[in-house]
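Here is the structure we will look at.
The values are calculated or read from the model by the stated rules, or taken from the named source; none is laboratory data. Since the structure is predicted, the reported quantities are computational estimates derived from the model, not experimental observations. We place every Cβ from the backbone using ideal geometry, glycine too, and count neighbours over all the protein chains shown. Protein only, heavy atoms only, side chains kept; ligands, DNA and RNA dropped before computing areas. Shrake-Rupley method; radii C 1.70, N 1.55, O 1.52, S 1.80 Å.
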Amino acid sequence: MITAPTVNSKLPDVKTTIFTVVGDLARKHDAIDLSQGFPNFEADPELIELVSKAMRNGHNQYAGMKGLPELREILSDKIKKLNGHHYSPENEITIVAGATQAIYTAITAFINAGDEVIVLKPAYDCYEPAIKINGGLTVHVELDAPDYEVDWELFKTKITAKTKMVIINTPHNPIGRIFSKNDMLRLQEILRSTNIILLSDEVYEHIIFDGEIHQSVSRFKDLASRSIICSSFGKTFHVTGWKIGYCVAPQELMHEFQKVHQFNVFCVPRPVQHALATYLEKEHHYLELGAFYQKKRDFFLDAIKDSRFKFTPSQGSFFQILDYSEITDEKDDELVRRLILEHKLASIPVSEFNLNYRNDKMLRFCFAKKEETLQQAADILNKI
Ligand SMILES: Cc1ncc(COP(=O)(O)O)c(C=O)c1O
């Protein structure tokens, strides 16, 4: 008789992610899908051609562990120009297999059993499993609807002798909120006399609206000196399926990061790195992204302005949250299900990102879609 080994799960509470569950349901019911955080339009043909060219030119073997030097160099220049901080291409930048890998790698590199990590809730879903699998403990700071402002006094009370890391995310998924300069200065002040590492998830760094400036951690000298910043080319160049991004940190932190990176990934696809290094030479490829997505946000919000949903316009990211409190008392996941089954429109319940599935009566919609898709979704929302 064959007996399967007994499994002692390291993540007994983890279930299939809401994105997979809703995505499957949306496909099954042929629903318009504004749930998933990816564009339903093509990337720039110029970028696709650059990848093909790199393949044809024989750039098909392993890239170095840190990533292609020319890509690290152009990233270093870009960050210096935009945020005023110099990261050494040689020692302080790594090309990663998407931000998810960078986040997992950073947490694995620094979190030991019993270490505490502060996470602001609602939060993107990949932080906590990575903390847990490394034996760390998540300490939550809850942000309240509808503004989801950080209460920095409350935040301060969560710091203990065991706090090893803080994770932040701006622009924020799922809320579409950005950190202000004041938020960053408060955080800098609070962390100044500590030994805490800051992990800053900045995957939507270029998707920011209404003339605001992305307050990257790298703009704040003291914060930058204790921070690992993760970003995603997938989000920036409409190629989420490529799973490629970058990570920057001061040399001492990056050295430890790379010790893990070299054994869980080693290096990421070389032809794509060649293409990105060339594509990044034209600044408008990323500097115009905010205006591009702001147009989509405005199109969507204008199309639903007479609906019964309430909203504050998203400040950044792919996402707009809509408040349905004047429409129904249903729980958000029940409403998401009903919208798919009865109205053929998919969204994400914000409770999935909240502590203990707190129900704020908010649904998350991704507006990184073609205008015709946004219009179809709006036509449905206007009838609800
Ligand atoms: C806030 C946030 N962080 C990280 C990621 C993961 O990025 P990547 O696809 O580059 O792994 C996402 C993707 O949706 C995200 O929204």
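Applying the criterion of being more than 18 Å from residue 184 (Cβ to Cβ) and in a helix (DSSP H, G or I) to the residues of the stretch 117-158, the residue that is farthest from the ligand (Cβ to nearest atom) is 157. Under the condition of being touching a strand residue (DSSP E or B) at 6+ places or on another chain (Cβ under 7 Å) and more than 9 Å from the ligand (Cβ to nearest atom), the residues counted in the stretch 80-104 number 5.
For the stretch 176-192, taking the residues that are within 19 Å of the chain's Cα centre (by Cα) and more than 16 Å from the ligand (Cβ to nearest atom), the one that is nearest to residue 103 (Cα to Cα) is identified as 184. Within the stretch 200-258, the set of residues being within 11 Å of the ligand (Cβ to nearest atom), open to solvent by 40 Å² or more (accessible area, probe 1.4 Å) and not basic (Lys, Arg) comprises 240, 241, 242.
Entry remark, the stretch 1-33: residues being touching a residue at least 40 places away in the same chain (Cβ under 8 Å) and either open to solvent by less than 60 Å² (accessible area, probe 1.4 Å) or of a type in the set (Gly, Ala, Ser) (or both) number 12 in total. A count restricted to the stretch 351-384 and to residues that are part of a helix (DSSP H, G or I), within 12 Å of residue 304 (Cβ to Cβ), in contact with a Ser or Thr (Cβ under 8 Å, 6 or more places away or on another chain) and open to solvent by 10 Å² or more (accessible area, probe 1.4 Å) stands at 0. Tell me, yes or no, whether the stretch 59-68 has at least one residue that is open to solvent by 50 Å² or more (accessible area, probe 1.4 Å) and not in a loop (DSSP other than H, G, I, E, B). Checked against the condition, which is being open to solvent by 50 Å² or more (accessible area, probe 1.4 Å) and not in a loop (DSSP other than H, G, I, E, B), the stretch 59-68 yields no hits at all. Counting only residues that are within 16 Å of the ligand (Cβ to nearest atom) and either open to solvent by 50 Å² or more (accessible area, probe 1.4 Å) or assigned to a loop (DSSP other than H, G, I, E, B) (or both), the stretch 159-175 holds 6 of them.
Looking only at residues in the stretch 105-116 that are farther than 15 Å from residue 199 by Cα and open to solvent by 40 Å² or more (accessible area, probe 1.4 Å), the one that is farthest from the ligand (Cβ to nearest atom) is 113. For residue 55, the criteria (1) over 30 Å from residue 338 (Cα atoms); (2) open to solvent by 50 Å² or more (accessible area, probe 1.4 Å); (3) within 16 Å of the ligand (Cβ to nearest atom) hold in every case but one, which is (3).
For the stretch 275-350, the helices (runs of 4 or more DSSP H) that sit wholly inside it and include 3 or more residues that are crowded, with 20+ Cβ neighbours inside 10 Å are 289-303, 332-343.
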